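Input: a single structure, listed below in structure tokens.
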């Protein structure tokens, strides 16, 4: 089975990571293998620490550095992230059932192959999401969109992550 990518979208500080965390826990509990792609918008962020061995390899010119410890394997790829295509990130997650994507708005906004979960705190945010993102699989977050009558299900991921997971499972079965 090819993994299904699902984007978690919304403004800063609306609960995207919390939603991803809750969904991951619930979907793993149901037996799914989950991958997460997290876009970090801080321009100078690096996983690599100055002076560490992996950093030293990068400084020497290595473009790919793989660090192996007893509990994890980390791959650091030195590249221009602005030129990285979503498809190449998704290929790295092909051994999973579901890939949750947080961020990468420009690459997922109108990508019909990537359904979105829109996290909103206000009606204006929900209306903006309807204009900017296609398709929206579900709404979540503090603002309950049910009174908007938009034919898109709403489930609060902080209170009922199981209902949001149900929406995803239903989507996967209908696919």
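Any read-out appearing in this document is the output of simple, stated calculations on the displayed coordinates, not a laboratory observation. All figures in this text were calculated on a predicted structure; none of them were measured in a lab. Cβ atoms come from the backbone with ideal geometry, glycine included; neighbour counts cover every protein chain shown.
Tabulated data for the structure shown
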quantity: Highest to lowest packing among 47-58, 88-99, 160-171, scored as the average C-beta count within 10 Å; calculated: 160-171, 88-99, 47-58
quantity: Max mean-square fluctuation residue, GNM over the chain, Cα-Cα springs under 10 Å, options 26, 42, 102; calculated: 42
quantity: Nearest-0.05 FRET efficiency for residue 2 and residue 81, computed from C-beta distance (R0 25 Å); calculated: 0.55
quantity: Beta bridges by DSSP in the chain, antiparallel share as percent, to the nearest 5; calculated: 20 percent
quantity: Label of the coordinate-derived value, Rg and Dmax of the Cα atoms in Å, listed as (1) 17.7, 58; (2) 18.8, 71; (3) 18.0, 53; calculated: (1)
quantity: Angle between the chain longest axis and helix 161-174 axis [Cα atoms, degrees, rounded to 10]; calculated: 90 degrees
quantity: Span from the region 144-168 Cα centroid across to the region 85-127 one, whole angstrom; calculated: 17 Å
quantity: Residue of 15, 31, 61 that the Gaussian network model of the chain assigns the largest fluctuation, springs spanning Cα pairs under 10 Å; calculated: 61
quantity: For the chain, built as a Gaussian network whose Cα springs stay under 10 Å, the top-fluctuating residue of 159, 105, 63; calculated: 63
